[in-house]
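Novice: For reference, the structure I am asking about is given below.
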Amino acid sequence: MRTLSLLLLSSIALLAQPGPEPKPPALEAAGESCLSNIRQLTFDGGKSGESYFAPSEDRICFQSVRGDCPHYQIFVQRLDGTRLVRVSPGKGLTTCSFFHPTEPLMLWASTHLDPETYGPPPPQAGRYAWDKHKSFDIFVSGPEGENPRRITDAPGYDAEGAFSPDGKRICFTSERDGDYEIYTMASDGSDVRRVTNAKGYDGGPFFSPDGKKICFRGFRDPANPQFAQVYTINADGTDEKQLTTDQAVNWCPWWHPNGEWLIYSKNVGGHSNFELFLVPAAGGASVQVTTHPLADVLPVFNKDGTKLLWTSKRADGKSQVCIADFKLPAAPSTVK
């Protein structure tokens with residue numbers, strides 16, 4: 001009887017023992033030789049992404065849907081995940097934050113001055129997207145949202161802003177002239193200058209490391225309005241170059257610090273997956289960087305090009321921010 005009781009107790013103890021810990025999602029993928037030491041930086045919220053390094057590189061800004069607001073809001077956190085602070089007011093739509101390179105300032109776009117934008121958005125079918133609402137304006141604030149100040153007030157959409165390397169100018173997207181074009185302005189919102197002049201949506205501009213050029217995405221093909229190409233142009237609007245030509249969504253370009261390469265994202269196999277590619281700034285064939293079967297978008301290098309920050313679904317099937325050590329390929333095989 002004692003033996004039977006001991007056996008029963010042993011069986012109950014075995015049943016009560018916790019099972020193996022669930023395995024974390026696989027962040028690595030075969031063939032990603034440019035990347036190593038991949039880590040996930042954000043974990044909360046239905047969607048998080050479009051992240052940028054602070055000048056000190058110990059913090060990032062990003063946008064995320066979390067908490068009571070049904071729209072993206074702007075947040076800042078340390079690389080280790082601590083000191084999470086919401087920068088934007090928590091109402092309306094927000095997008096496209098960016099740190100000033102030398103001053104304790106950041107910029108972001110928001111519709112919080114328009115109460116009609118507070119309601120829930122329509123379903124986006126899980127895609128990483130935002131509404132180009134006409135109430136978007138660009139704001140400058142302290143690095144944790146202190147003292148926000150609006151610096152655009154033209155009718156229509158103003159968003160997608162980024163500081164120049166010296167912090168004196170901002171490149172941004174606006175529909176103030178009836179079409180979505182790239183503009184620059186002084187960091188206080190004055191001295192607005194139009195850069196692009198082509199029918200279609202031009203967006204996502206960023207200054208080159210020397211501040212002389214701007215990269216951007218352009219949806220310009222009237223026969224295939226769903227396709228986008230990567231372009232560069234001088235900051236004064238001259239010498240525009242198209243770097244991609246395939247029938248795909250080539251978008252979210254970002255400069256490598258050496259100024260000789262850009263990294264961007266392209267849909268592979270329809271709209272269900274995006275991968276990262278490098279393309280020479282002088283023109284030429286692209287080099288594939290990521291191969292994971294889930295989407296990788298919105299890549300950003302740190303100042304010396306040794307780190308890559310991007311938005312990926314590889315972490316948990318939802319858009320989250322990832323970071324990895326990065327090295328340029330020595331002798332890359334190319335893809336068109």
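The values are calculated or read from the model by the stated rules, or taken from the named source; none is laboratory data. Bear in mind the structure is a predicted one, so any value in this text is a computation, not a measurement. Here the Cβ positions follow ideal geometry from the backbone for every residue, glycine too, while neighbour counts run over all protein chains shown.
Novice: Does residue 183 satisfy being under 20 Å from the mean Cα position of the chain (by Cα), at pLDDT 95 or above and over 23 Å from residue 297 (Cβ atoms)?
Specialist: For residue 183, the condition - under 20 Å from the mean Cα position of the chain (by Cα), at pLDDT 95 or above and over 23 Å from residue 297 (Cβ atoms) - is met.
Novice: A further question on this structure: Just the residues that are part of a loop (DSSP other than H, G, I, E, B) and more than 22 Å from residue 193 (Cβ to Cβ), please, taken from segment 208-229.
Specialist: Within segment 208-229, 221, 222, 223, 224, 225, 226, 227 qualify.
Novice: So for segment 193-201 (the condition being aliphatic (A, V, I, L, M) and in contact with a Cys (Cβ under 8 Å, 6 or more places away or on another chain)), does at least one residue qualify?
Specialist: There is at least one residue in segment 193-201 that is aliphatic (A, V, I, L, M) and in contact with a Cys (Cβ under 8 Å, 6 or more places away or on another chain).
Novice: Also, quick follow-up: Return yes when residue 82 is more than 20 Å from the chain's Cα centre (by Cα), modelled with pLDDT of 95 or more and among the polar types (S, T, N, Q) and no when it is not.
Specialist: yes
Novice: Quick check on this structure: which one of 216, 207 is of a type outside the set (Lys, Arg) and in contact with a Phe, Trp or Tyr (Cβ under 6 Å, 6 or more places away or on another chain)?
Specialist: 216
Novice: Hey, can you tell me all the residues within segment 182-192 that are surrounded by 13 or more Cβ atoms within 10 Å (Cβ to Cβ) and either assigned to a loop (DSSP other than H, G, I, E, B) or among the basic types (Lys, Arg) (or both)?
Specialist: 187, 189, 192
Novice: Let me ask something additional. Using the structure shown, decide if residue 262 is touching a residue at least 60 places away in the same chain (Cβ under 8 Å) and not in a loop (DSSP other than H, G, I, E, B).
Specialist: Here the answer is no, as residue 262 does not meet what is asked.
Novice: For residue 162, indicate whether it is part of a loop (DSSP other than H, G, I, E, B) and of a type in the set (A, V, I, L, M).
Specialist: No; evaluated as a whole, the condition is false for this residue.
Novice: Of the conditions (1) over 26 Å from residue 45 (Cβ atoms); (2) assigned to a strand (DSSP E or B), residue 284 fails just one. Which one is it?
Specialist: Looking at each condition in turn, residue 284 falls short on (2).
Novice: Report, ordered by the first and then the second residue, all pairs with beta carbons closer than 6 Å, sequence separation of six or more or different chains, a first member in segment 121-145 that is within 18 Å of residue 64 (Cα to Cα) and at pLDDT 95 or above, and a second member that is of a type in the set (Gly, Ala, Ser) and not in a strand (DSSP E or B).
Specialist: Short answer, once both residue conditions are applied: none.
Novice: Looking at segment 26-34, can you tell me whether even one residue there is under 26 Å from residue 303 (Cβ atoms), of a type in the set (A, V, I, L, M) and not in a loop (DSSP other than H, G, I, E, B)?
Specialist: Within segment 26-34 (the criterion being under 26 Å from residue 303 (Cβ atoms), of a type in the set (A, V, I, L, M) and not in a loop (DSSP other than H, G, I, E, B)), the answer is no, since none of the residues qualifies.
Novice: Could you check how many residues of segment 294-332 are in a loop (DSSP other than H, G, I, E, B), touching a residue at least 24 places away in the same chain (Cβ under 8 Å) and either of a type in the set (S, T, N, Q) or closer than 20 Å to residue 56 by Cβ (or both)?
Specialist: So the answer is 5.
Residues are listed down the side, and each one gets a yes or a no for (1) farther than 14 Å from residue 320 by Cα; (2) touching a Ser or Thr at 6+ places or on another chain (Cβ under 8 Å); (3) buried (at least 22 other Cβ atoms within 10 Å of the Cβ); (4) at pLDDT below 95:
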residue: 39; (1), (2), (3), (4): no, no, no, no
residue: 51; (1), (2), (3), (4): no, yes, yes, no
residue: 86; (1), (2), (3), (4): yes, no, no, no
residue: 104; (1), (2), (3), (4): yes, no, no, no
residue: 116; (1), (2), (3), (4): yes, yes, no, no
